[in-house]
Amino acid sequence: MYWGRMSDECDATGKGPREFCGLFGIYGHPEAVHKTYYGLYSLQHRGQESAGICSTNGGNLLAHREMGQVGDIFTDEVLASLRNPIAIGHVRYSTTGSSTIQNAQPLLFNYAAGPLAIAHNGNLVNSGQLRREFESRGSIFQTSTDSETIMHLLAQPWDGPEDERMIRALRQLRGAFSLLILAQNRLYAIRDRHAFRPLCIGVLDGTPVVASETCALDIVGAKYVRDVKAGEVVEFSSKGERSFFFHEKPEIPAHCIFEHVYFARPDSRVFGDNVHGVRMNLGRALAKEHPAQADIVVPIPDSGNDAALGYSHASGIQLDHGFVRNHYIGRTFIAPTQGARISGVGLKLNVIADVVRGKRVVVVDDSIIRGTTSRGRVKMLRQAGAKEVHMRISCPPIAHPCFYGIDFPNPEELVAARMSVNEIRSHLDLDSLGYLSLEGLLASVSNPKEHYCTACYNGDYRVPVNEKFEKLQHEQKC
Ligand code: AMP
């Protein structure tokens with residue numbers, strides 16, 4: 001197993017390497033690789049396990065992937081070695097497959113028609129079945145991610161037009177996928193039929209830019225143009241921009257509401273709404289649904305910041321910073337073991353005792369997943385002398401696993417799948433606990449409510465999941 005750096009050169013001769021959730025791409029800019037680097041920097045919150053950039057000047061594809069964070073991986077030397085006008089980049093955390101360099105993206109491969117690189121955000125629900133079919137015919141997989149299946153589908157023998165090859169492959173995928181695919185002289189931006197995960201298009205000096213979130217457009221100075229549509233393939237080439245759909249039958253979108261609740265950055269526009277604005281709405285709605293007799297509203301930084309402000313505005317209770325966050329460690333949940341998560345809790349936040357001592361505190365956070373960190377935080381507030389601790393959560397209880405790309409796949413790990421709200425309140429040692437209702441959540445965004453996936457709250461899975469999903473389902477094969 002390879003744990004170190006991995007720089008690849010993949011040519012059109014058929015020899016070459018492999019591998020692969022935030023995405024960034026740019027077609028035809030003299031500083032494409034540096035722009036991609038800055039874009040990935042602003043998408044770092046979407047994944048901190050590994051990052052990679054793949055670039056081309058119309059010939060070979062060059063790629064560099066490494067475990068770790070963007071700022072550490074891409075030195076001047078690395079960026080110079082990739083210098084080309086067309087590039088895609090990826091930051092990853094694992095929803096399928098383990099946290100290893102083989103699984104870092106963009107994945108790079110050669111097939112009969114030349115080299116291709118792929119960067120994927122989301123999760124396929126039928127990758128196990130597809131993979132078994134390929135393996136039964138002798139195909140060899142190099143990674144344990146679901147994303148590699150897409151490459152095998154694209155590489156199937158096909159004599160017809162290239163668009164048809166793409167359409168045939170994409171039609172076989174089930175689940176969530178926002179994709180960037182880089183060929184020698186083309187860049188494709190693709191979104192699954194339900195548009196689970198975000199993907200937007202911008203323009204910079206006349207050059208097209210694509211990114212998971214608009215904050216990445218802002219950082220490179222690009223102007224937002226539009227979102228890639230559900231089921232759409234947008235091709236950028238020297239001939240300009242072209243678009244087609246891989247399914248004639250339109251689906252009702254199933255945008256992941258958790259992007260608004262937690263995942264996306266507050267300065268981004270996602271699914272047509274500014275994330276900060278939505279979170280303020282969530283906080284206001286929460287204050288109406290679950291008022292509290294309290295002295296101060298304290299956000300859990302950074303995940304509860306915006307909702308806490310909304311709660312404070314609507315309730316008239318003053319907001320204060322009862323916690324200080326250490327910004328030099330990553331999101332604790334991204335650490336792949338429970339042990340690492342637990343040790344991350346105290347490292348990440350500390351209480352300002354003078355703020356909370358003797359006070360009735362309303363703590364606002366976006367979600368409770370396992371309950372581990374929340375319990376630790378309540379304990380810290382009590383130890384610092386808080387008189388009462390009330391917790392308000394800006395979404396409903398998460399009681400169902402996500403099969404479409406958010407990292408809470410195991411029902412046994414979800415505290416709300418095992419306990420009632422009152423049991424969770426007691427488990428966390430709270431004076432009161434209030435979750436925002438699903439109606440309150442869906443009233444805080446501007447699309448019709450049926451355009452969002454809410455499976456983690458109500459088990460309503462828009463793409464049926466037949467396989468038993470396990471994060472490491474392909475692991476023994478690696
Ligand atoms: P816990 O109390 O251990 O469930 O952790 C709750 C904290 O984890 C909240 O501050 C959330 O913002 C954060 N969180 C959000 N999404 C996830 C996730 N997918 N997995 C784990 N923790 C998450």
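The values are calculated or read from the model by the stated rules, or taken from the named source; none is laboratory data. Here the structure is a predicted model, which is why all the values come from computation and not from measurement. Note: ideal-geometry Cβ built from the backbone for every residue, glycine included; neighbour counts use all protein chains shown. Note: areas computed on protein heavy atoms with side chains; ligands, DNA, RNA excluded. Shrake-Rupley method; radii C 1.70, N 1.55, O 1.52, S 1.80 Å.
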Worksheet, complete the sentence: Considering segment 345-370, residues that are at pLDDT 95 or above and either among the small types (Gly, Ala, Ser) or open to solvent by 50 Å² or more (accessible area, probe 1.4 Å) (or both), and then whichever is farthest from the ligand (Cβ to nearest atom), we arrive at Gly358
Discussion item. Tell me yes or no: at least one residue of segment 431-450 is open to solvent by less than 20 Å² (accessible area, probe 1.4 Å), out of contact with any Cys (no Cβ under 8 Å at 6 or more places or on another chain) and within 15 Å of the ligand (Cβ to nearest atom).
Written reply: no
Worksheet, complete the sentence: Of the residues in segment 281-314, those that are surrounded by fewer than 22 Cβ atoms within 10 Å (Cβ to Cβ), away from the ligand (no atom under 12 Å from the Cβ) and over 16 Å from Leu381 (Cβ atoms) come to Arg284, Lys288, Glu289, His290, Pro291, Gln293, Leu309, His313, Ala314
Discussion item. Exactly one of these conditions fails for Asn326: (1) modelled with pLDDT under 95; (2) within 12 Å of the ligand (Cβ to nearest atom); (3) surrounded by fewer than 19 Cβ atoms within 10 Å (Cβ to Cβ). Give me its number.
Written reply: (2)
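May I ask you to list the residues in segment 187-218 that are β-branched (Val, Ile, Thr) and under 18 Å from the mean Cα position of the chain (by Cα)?
Initially, segment 187-218 is screened for residues β-branched (Val, Ile, Thr), giving 190, 201, 203, 207, 209-210, 214.
Those that are β-branched (Val, Ile, Thr) and under 18 Å from the mean Cα position of the chain (by Cα): Ile190, Ile201, Val210, Thr214.
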